1. Where does the chain land at 222 nm, in deg cm²/dmol rounded to the nearest 500, when only DSSP H runs of n ≥ 4 count, each adding -39500 (n - 2.57), divided by all residues?
2. Suppose every Lys and Arg Cβ carries +1 and every Asp and Glu Cβ carries -1, with no other charges. What dipole size does the chain come out with about its Cα centre, to the nearest 20 debye?
3. Please give the net charge around LEU262, taking every other residue with its beta carbon less than 14 angstrom from that of LEU262, where Lys and Arg add +1 and Asp and Glu add -1.
4. Taking a ≥ b ≥ c as the square roots of the Cα gyration tensor eigenvalues, with a/c under 1.5 meaning rounded and otherwise prolate when a/b beats b/c, else oblate, which class fits region 1-108?
5. Rank LEU339, PRO394, LEU360 by how far each Cα sits towards the positive end of the charge dipole of region 315-449 (+1 on Lys, Arg Cβ; -1 on Asp, Glu Cβ) and give me just the farthest.
6. Work out from phi, with θ = phi - 60° and the Karplus expression 6.51 cos²θ - 1.76 cosθ + 1.60, the ³J(HN,Hα) of each residue of region 200-210, listed in order in whole Hz, and give x for Gly and Pro.
7. Relative contact order for region 144-223: what percent, with Cα pairs under 8 Å and sequence separation of 6 or more?
8. Please report, in cubic angstrom per residue, the volume enclosed by the convex hull of the alpha-carbon atoms of region 69-150.
Amino acid sequence: MLKVLMVASEAAPFIKTGGLGDVIGSLPKLLKRENIDVRVVLPKYQEMPEELEDEIKWQESIYVPVGWRNQFCGLEYTTYQGVPIYFLDNKYHFNRPGYYGYPDDGERFSFFNRAVLEMMPFIDFYPDIIHCHDWQAGMVPPLLEAFFRQKPEYQHIKTIFTIHNLKYQGRFPKSVMTDLLNLGEEHFTVNGLEFHGDISFLKGGINYSDLVTTVSPTYAKEIQTPYFGEKMDELLRSQSHKLIGVINGLDYEEYNPSTDPLIQYSYDSQNFEGKGKNKAWLQKELGLPVRNVPLIAMITRLVPQKGIDLLMHVLSELLELDLQFAVIGTGEHIYEEQLREIGQRYPDKCSVQLKFDNRLARQLYAASDLFLMPSQFEPCGLGQLIALRYGSLPIVRETGGLKDTVTHYLDASGQGCGFTFTDYNAHDMLFTIKEALELYQHPQEWNHLMEKAMQQDNSWKNSARRYKEIYENLQASSGR
């Protein structure tokens, strides 16, 4: 049986700040169904749901070399949905509020990366493939090459590094490489870890792994261009022979409008009655008039990446039309203030919820007719996949995973059930929204698109099979 160790800094439901947590929370259980012995290793943070922490058991105490010191590491273990999960515990590094953004993140994740490799004899698990995710796991491949390859148990191990968002690069002073990771000057090169005078954990993952994947085929192409490449486009072009885009999936067991306990009324692609009831219920809940007008949803971080500046440019104009708009999210203060002011100006048309409430978000997916996601860039995106699943037709900009998962309803393939625009332009977005509002006036055609959207298969099943194929090909290349 193929053995895979997933290394990541978060996994739902234990730790989640974004899409990475969703991926590591969902993909392993689907890989397990593909007959892969997959296990996950995470830092043990302070902030973890108490009921889950109670299930985690101590297994071993080990010591991890970080610079000139051997640091204590508690090796702990649980299983979740049949997948073994290991936690690496060090109170100094991880027993603090939050997950990232500390001045000593270079030391914290140097410890974590080295501990991943040091723990293997203690769990008697030497994987065929170590699958590392984002910069927080980017030093596992270089550390494997520098310190572990000479050991027989480690010689066969292959590495894969997945970029979930190129913007976050794990950039630290050179001293992290020499004083904490114990890596020599030979690694401080353009083909190694050096990045504009510093080191980059992300670059370590790209340069030292056997394969690099990212979370959609379009994003894999985009990041090789200067506009999307975050100063790494030249590197990624040079490594394009080992770069593969695999679209993320959606957990169809968790996100299912026919069984979802977080929504008021269940429904499916053959019966939309519950969707209409959800809409009326949520309109009351949000203080909006109960009317049969298009309800547009936006569930997002209020940051430029998500296209908020496009929205603010035309939102007043949009709200002059016969529709309702509801937004849930938090983010930059300037956007929160602008949205709060517009919500007060249009109380019958606009509901602004400056928070993140998972239950309310799920109810909005179930109630809305349209889902707006005009991102400047989007490696994969989860919102549009949930929207399709819940019959809320997406309006997206054609970038990254949005381009790969949402097809315009007039597309020649006949598979389209969304609305798309190409340029990052507010009036192009507004034109596309108006196109969707016009179609809403034709219920028969609209219901046909909703049915098509809900019957799409964007589940993890397809992505898991693609990863299994990648794993098997990589293992075969090692001659095992």
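1. -10500 deg cm²/dmol
2. So the magnitude is around 500 debye.
3. -3
4. In terms of gyration-tensor shape, prolate.
5. Most positive-ward Cα: LEU360.
6. 10, 4, 4, 5, x, x, 5, 6, 9, 7, 6
7. The normalised contact order for region 144-223 reaches 36 percent.
8. 132
Taken together, the values in this text are just the output of simple stated rules run on the coordinates, not laboratory data. The shown structure was predicted, so the numbers you read here are calculated from the model rather than taken from an experiment. Ideal geometry is used to build each Cβ from the backbone, glycine not excepted, and the neighbour counts take in all protein chains shown.
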